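Below is one structure, written out as structure tokens; the observations come after it.
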Amino acid sequence: MTFQSILFERAGDDIKKETLEPPAFFADLNLDQIIDAITAGKQEYDLKPFFYTSLPDIETIKYRQEIMQDLENQTLFEQIKSFAQKMRAMHRYLSLVDRLYYKYHKEGWFLEAVDLYGEALLCLAHDLSLVDLKSPGLIAFRAYIMDYTASAGFTALMAETKKLKADLSTVQYCLLIKGNCIKVRKYESEIDYSADVEETFEKFKQGAVKDYRAKLPTGLGMNHVEAGVLELVAQLYPDIFFNLNHYYLKNGPYLDETIDIFDREVQFYIAYLDYLAKFKRTGLEFCYPHMSHASKEVYNIEGFDLALAHKLMSQNLPVVCNDFYLKDKERILVVSGPNQGGKTTFARTFGQLHYLAGIGCPVPGREAQLFLCDRLFTHFEKEEDIKNLSGKLQDDLIRVYDILSQATSNSIIIMNEIFTSTTLKDAILLGKRIMNKISQLDLLCVCVTFLDELASLSEKTVSMVSTIVPENPALRAYKIVRRPADGLSYAISIAEKYRLTYECLKERITL
């Protein structure tokens, strides 16, 4: 195959379809926190659009998965990172060239940038030639870089670069400084007396002494005196500096566009794998899910919320993993149980898994089969906006209506605690009507609710319940298990509202 992109298998799927703003559901699913953590420290690559852009087909997902699997070879991963570091330095040099003022100073840094560019490509081409690659994407890129580094244009550029650097290394000169006057002439094999001076004064040295030498600041800039000296040196070696100027003017567009795109796109994989490494070191597992756009039988074993896990790891707290599956005609997971028991986290996990899998990334869990949806919708509880004249219930109904009017049978909806602002009777009535509409659409859904009646509406609904520690009902186990609703969810909510829970009663009795 002809190499086009390390992210997109077919030409035309790439940069034109980048999404510059995060999808609407990112904040609800805490995906914004995850992507912020993944892309931290890599702002110059502008990686977020890659994570905001959903993939339209299974083939592109497999294309990325295979590349990601190749890059799990630690040797290859470090070689790609080494290439990226050199390219990063090269771009810093080019940025510096744009900011510098003096002619020969700009041309010198440009020469260094081209030299580093050549070194990066030749090293990567050599490294890739020794690796047994499996992914079509990296195999195609290897063929491209091999052809490119063997091309007449590249070899001529590198030969010219090496010769010019060798010529510049022969430049030697002397400075004659008297008062405010500096004269420059060629070096004429004058004797260097510094070694003799040090030897003469060595006998006066007694142990360690304080270094009184002033530490002058060293920077990449050049002041007017240094620039003036360099102008005089150029007059002493006119042929070499003429060639440097000609080299600078001729080779401005030396950077190959495909190589430059690869350098940016491969950071998608580097950033994600570096992020996962933190979790893997604690024993958490990740897998490459089997993706389908036809079968809605989905499952995940030992999955977890990446955003929450990142926070828990920073506090040295354990991460609780959960499983789920839907088979046959099952489409809707109805999650009930005590408050603060992990229900919302479970719903977020379901959404995170499907979204990250849908952009070709490995996901939390030991094994998974997931659905490639056309749209992902979320409805999470929001505070009432007193600026508009509608109540919270009306706002909820409008938001749900908008979702259901856009959703198709290939969509996924995640709803968290809807209709908490109305009476139990009305909440059940509205909840049943919405669940019936979702069932008619035959889409995948996770519904977190205190309404146990929704858990057994039809053969498409599956009840899952958050559990407590048997020895102490006040403690949450954060495990979500597949079993019939026990009817305690709403009761516990009422008990907490009126301070009649086990902990509250103990406190009141003690007082």
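Hey, can you tell me all the residues within region 422-452 that are surrounded by 14 or more Cβ atoms within 10 Å (Cβ to Cβ), farther than 18 Å from R399 by Cβ and of a type in the set (V, I, T)?
I428 - this is the single residue of region 422-452 that is surrounded by 14 or more Cβ atoms within 10 Å (Cβ to Cβ), farther than 18 Å from R399 by Cβ and of a type in the set (V, I, T).
Please work out if Y193 is buried (at least 17 other Cβ atoms within 10 Å of the Cβ) and at negative phi.
No; evaluated as a whole, the condition is false for this residue.
If the Cβ limit is 7 Å and pairs must be 6+ apart or interchain, which residue in region 315-336 that is under 17 Å from I301 (Cβ atoms) pairs with which residue that is of a type in the set (D, E) and not in a loop (DSSP other than H, G, I, E, B)?
Every condition considered, the pairs that remain are C321/E302; D323/E302.
Can you name the residue in region 24-51 that is out of contact with any Pro (no Cβ under 8 Å at 6 or more places or on another chain), part of a helix (DSSP H, G or I) and not hydrophobic (A, V, I, L, M, F, W, C) and is also surrounded by the fewest Cβ atoms within 10 Å (Cβ to Cβ) among such residues?
Here the answer is Q43.
What is the number of the single condition among (1) under 30 Å from T149 (Cβ atoms); (2) in contact with a Pro (Cβ under 9 Å, 6 or more places away or on another chain); (3) of a type in the set (G, A, S) that A309 does not meet?
(1)
Can you name the condition, by its number, that F419 falls short on among (1) among the hydrophobic types (A, V, I, L, M, F, W, C); (2) closer than 25 Å to Q352 by Cβ; (3) loosely packed, with under 14 Cβ neighbours inside 10 Å?
Evaluating F419 over (1) among the hydrophobic types (A, V, I, L, M, F, W, C); (2) closer than 25 Å to Q352 by Cβ; (3) loosely packed, with under 14 Cβ neighbours inside 10 Å leaves (3) as the failure.
Taking only region 285-337 into account, find how many residues are over 26 Å from L454 (Cβ atoms) and part of a loop (DSSP other than H, G, I, E, B).
The number of residues fulfilling the criteria is 10.
Every number in this text was worked out from the coordinates using simple rules, so none of it is lab data. This structure is a prediction, so every number in the text was calculated from the model and none was measured. Backbone-built Cβ (ideal geometry, glycine too); neighbour counts: all protein chains shown.
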